[in-house]
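The values are calculated or read from the model by the stated rules, or taken from the named source; none is laboratory data. On a predicted model such as this, the values are computed, not experimentally measured, just so you know. When we count neighbours, we look across all protein chains shown, and the Cβ atoms used for this are built from the backbone with ideal geometry, even at glycine. Note: accessible area is taken over every heavy atom of the protein model, side chains too, but ligands, DNA and RNA are not part of it. Shrake-Rupley method; radii C 1.70, N 1.55, O 1.52, S 1.80 Å.
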Amino acid sequence: MWFKDIFRRLSGSAPPERDAVKSEEASDALDDLSFLRRLDRLTLRASRYLRGDALAAGQRPSLRRLPSNDFREHRLYLPGDDLRHVDWNASARAEHVFVKLGERPKEAAVHILLDNSASMNWGQPSKFWAAKRLAAGLGYLALSHGDRLAIAPLAEGRPLFGPSHGKGRIPAMIRCLRELPLAPRADFPAAARRYAHRPSRGGLVIFISDLLGVSDLASALDYFPLPKWQALVLHLLHPAELAPALRGEIELEDAETGAQANYDLTPAVLEQYTFHVRAWCESVERACYDHTAAYARLLADWPIEQMVMPYLRRRGMVATA
Amino acid sequence: MNLLGLLGLLSLPVIIILHLLRERQERHTVSSLTLWAWLKPEVRGPRPRRAPWNRVLALQLLAALFLTAALVNPQLPLPLPPLQADRLILILDNSTSMSATDALPSRLAVAQARAAARLAGLGSSDSAALITVSPTARRVGDSAQSGLVPLGAELAQLQAAGVGHDWEGALALAAASVVPSQNNRIVVFTDGAFEFPNSLQAALPAPVEWNLVGEPQSNQAVVALAARPTPSGAQQVFARIANFSALPAQRLLTLLADGAAIDSSQLSLAPSGATALAWTLPPGARAVEVRLASADALPADDVAALGLSNPPVDALLVSREVVAAADRCGGKDRTPVERALCATPNLRLKTLHPETYVGYEPHDLYVFQGWLPAAWPTGGVLVIDPPNDNPVLPAAESAPFTGALPADPLLADVNWTNIVLGSATGMEADWLSPVYARDGQVVIWRGVTGVTRVVVLAFDVNAGNLAKRSAFPILVANAVRELLPPLPESIQPGESVALPSAQVFPALTLTNPRGEAREFGADRPMWLDDTTRAGLYLLEGLTPDGSARTVGFGVNAGSADESDLTRQATPAFSIAPPASAPPLAALPLADLWPVFVLAVLVVVFLEMRVAWK
């Protein structure tokens, strides 16, 4: 009957949105990893100016030429150079000893900062579920192409995985993401500052977050300046946040803070809400560009392979290997 | 209308509160309230709740209103056909005047036909009751018990019989026959030839409809006929002939004695006048008739008859004080009891000692003085001074009697002044009832045990002075008349008459005025009720000693009330339903609660469809 749910609140049953977000669901986000193999042809686009470890087995072109068998030019022999790289023929024709210089591929450091606050644990599917799948996909691209990968939850401010490189670390990465816990809250600027102040050579830093409750995104991005860092902000939202299916007088509860407020959601109010959310997204995007960070807005229900990667490719964030 | 039903309006705020509660409980969790922080301040935060108007709430409020209306149960005067069954109460005037033949075949027949037509118009759910008025009110039948067809048969068998009208009893029976839940109507079929008592203009719980039959008619009647024995043994007969007409009348009158005409004369009756006639009949005449020739509108009152001989009463006195004799009244040295019994007209007394009581012959009346047999005989028994130790009437000491006793026919014309009675014996038989008490002690009792009627004089008549006073033979004569009612000289139609006992006439033949004979044996009824036809009724029978005797009585219909057929007018009284009863012209009040209950069901159905959609 119509009155069956009058005392629903007293019975303690959770609202539908809470029912939809379950921890088991988040842990199941990485059960199906078949899509990772189909991402092999993609790679993360990183700046050539990022500092990399040339001694590592990376695949990214290095700006500096090093003694190599792959000849590009000569330079004079310096003490300490490996004699295997001396061009004896050219040295025989001249009075100096020349060492052959060539391009040696380098690795890039990829840092994925994943928002694990409670606000991410909302929606159907939840944003946390989508964020972990997205982090898995990006991490797979990094590890499979010789990049060094570190994954850090924003609430921690330090890597829970890595820095590591090599395909052999993919299972460990998956396990780390699967066991990544939710935190009640996350202070985005503080976590960014704490992560940036760690000893590091910089690299490609990817923020995956809904940016809800982030009051000062600009100051957070300031901790990752060029050319040491290349920042990429993946703004992950849920479709219900852009166009909520709510009507009438409703009491809303903040999933992260637990605060409550009553609203009379008329169509006009909802239209006003949509306008403000769009304006907020634009302000976030503007702040990213102002701080030389790439920005991409993603939705939680987008499939990785069919929608997210093509979208990031169009935005120049991933490229064909 | 039930005003308490208005309490149902309290359900309206309850429904609204339930909806407010339901709305208040609608809580949704969002990822962050910061997305909503930009909304205008007036739509944020707690504020007074508004009723969440929607179709479900509107339908529920409407259902509650209809339910309240059903509980209040308003009534409206609607011109709806009455759903109640008809209850027809027929009061039929069956007095002698209804046998007048001005409306062929008779007024009663016409009334019966009209009543039958009204019965035929009733439906299967309707009912009817039939009440007759004359001579006493009687409910003939009720279709609620027997059905309409048997009631119609009983209606068809009614005959005009009786002088006078018992309107009081008839209206009381009609009021008792009213069924409150039905549409009652009282219909009176009468010729209007009566005077309705003004004291009966009381309200009846149903409307009354008068249905008059017949027209005013001139009529001549024998309104009185009486006989008186002369000292020489002859009978002097008096007759009164009345003319109920505004015109003079000429009628031929014939006097018959034992069926033989002994006088005939032409009477000239003045308008609305009367003539008195007298004849002296020779001794030995057993019956006399007076007849008016050339029948008028009411032939029943043109003849009058009298029975002049009554059967003798054979009495047996059993006492230790008497001398056994077959006919004691002719002897000498009679005791006071013997003298009192012999002074009773038409009584033959036989006396016995108690020792010779065994093997007695049957008698009409037994008188036991100072002694009682082991068992009561059949018939009437007068007990005088019963012994204390007897098996049929045990004596007992009783408390002084302090109650008041009404006047009793047994004590009619008995002067108790200066009469001293002997000590009385107390009675403990529960079938006896006190008749007369003296000095706190009941001295006269009466009762019926089995088929024996008993009068007890519980005192010794020789102890006081009662036996020497005239009150004693009068008391004995009253007791004999009560124990053995005599055959009347004449009665009115419809009255009952006591038949002579089987001890007097073991076999009896009754011949009515039409010459129809009816045999009665020893198991005859005590009373003869079939006396509707006016004229001379003859009773012929054989006495126990083998001698044939003929007695008779007349049934005379003529009377000033019934023979006056000129009084034909609508009764000058009105009988209205009581004030508490709904007026006849008012439309019936229809209950509207079924309509509202139906509306509630419809609205609830719609609400369920809307709520579950």
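Against the list (1) within 16 Å of the chain's Cα centre (by Cα); (2) open to solvent by less than 20 Å² (accessible area, probe 1.4 Å), the condition A:GLY123 fails is (1). Applying the set (1) part of a helix (DSSP H, G or I); (2) surrounded by fewer than 19 Cβ atoms within 10 Å (Cβ to Cβ); (3) among the hydrophobic types (A, V, I, L, M, F, W, C) to B:LEU151 leaves exactly one unmet item: (2). The single condition from (1) open to solvent by 60 Å² or more (accessible area, probe 1.4 Å); (2) over 31 Å from the mean Cα position of the chain (by Cα) that B:LEU269 fails is (1).
Report whether or not B:VAL480 is closer than 21 Å to B:ALA498 by Cα and open to solvent by less than 20 Å² (accessible area, probe 1.4 Å). When the stated conditions are applied, B:VAL480 passes them.
Being without any contact (Cβ under 8 Å) to a residue 40 or more places away in the chain, open to solvent by 30 Å² or more (accessible area, probe 1.4 Å) and touching a Lys or Arg at 6+ places or on another chain (Cβ under 8 Å) is the filter here, so list the residues in region A:156-198 that pass it. Across region A:156-198, the qualifying residues are A:GLY162, A:ARG194.
When B:LEU247 is tested against (1) farther than 20 Å from B:ILE491 by Cα; (2) at pLDDT below 85, exactly one condition is not met: (2).
Taken together, A:ALA196, A:ALA183 contain a single residue that is away from every other protein chain (no Cβ under 14 Å) and within 19 Å of A:GLY123 (Cβ to Cβ), which is A:ALA183.
Scanning region B:227-243 for residues that are out of contact with any Lys or Arg (no Cβ under 9 Å at 6 or more places or on another chain) and either open to solvent by less than 40 Å² (accessible area, probe 1.4 Å) or of a type in the set (Gly, Ala, Ser) (or both) returns B:ALA227, B:THR230, B:SER232, B:GLY233, B:ALA234, B:ALA239, B:ALA242. If you go through region A:121-133 and keep only what is more than 8 Å from chain B (Cβ to nearest Cβ) and among the hydrophobic types (A, V, I, L, M, F, W, C), you end up with A:PHE128, A:TRP129, A:ALA130, A:ALA131.
Looking only at region B:406-420, which residues are in contact with a Leu (Cβ under 6 Å, 6 or more places away or on another chain) and free of Cβ contacts under 8 Å to residues at least 60 places away in the same chain? Within region B:406-420, just B:ILE419 meets the criteria.
The set of residues from region B:155-197 being part of a loop (DSSP other than H, G, I, E, B), in contact with a His (Cβ under 9 Å, 6 or more places away or on another chain) and under 13 Å from B:THR96 (Cβ atoms) comprises just one member, B:PHE194. Listed here are the strands (runs of 3 or more DSSP E) enclosed by region B:395-470 that have at least 3 residues being in contact with a strand residue (DSSP E or B) (Cβ under 8 Å, 6 or more places away or on another chain) and open to solvent by 30 Å² or more (accessible area, probe 1.4 Å): B:432-438, B:441-449. Do we have any residue at all in region B:332-344 that's in a loop (DSSP other than H, G, I, E, B), more than 33 Å from the chain's Cα centre (by Cα) and farther than 30 Å from B:GLN441 by Cβ? Yes, region B:332-344 contains at least one residue that is in a loop (DSSP other than H, G, I, E, B), more than 33 Å from the chain's Cα centre (by Cα) and farther than 30 Å from B:GLN441 by Cβ. Report yes if some residue within region B:352-369 is assigned to a strand (DSSP E or B), within 38 Å of the chain's Cα centre (by Cα) and closer than 16 Å to B:GLY426 by Cα; otherwise report no. Looking through region B:352-369, none of the residues is assigned to a strand (DSSP E or B), within 38 Å of the chain's Cα centre (by Cα) and closer than 16 Å to B:GLY426 by Cα. Whether a residue is under 29 Å from the mean Cα position of the chain (by Cα), modelled with pLDDT of 85 or more and buried (at least 21 other Cβ atoms within 10 Å of the Cβ) was assessed, and B:LEU90 passes this test. Taking B:LEU39, is it farther than 27 Å from A:VAL214 by Cα, facing chain A (nearest Cβ under 7 Å) and at pLDDT below 80? In short, no.
Which residue pairs have Cβ atoms under 8 Å apart, sit 6 or more places apart or on different chains, and have a first residue in region B:311-328 that is open to solvent by 10 Å² or more (accessible area, probe 1.4 Å) and a second that is of a type in the set (Phe, Trp, Tyr)? Pairs found: B:PRO311/B:PHE505; B:ARG320/B:TRP371.
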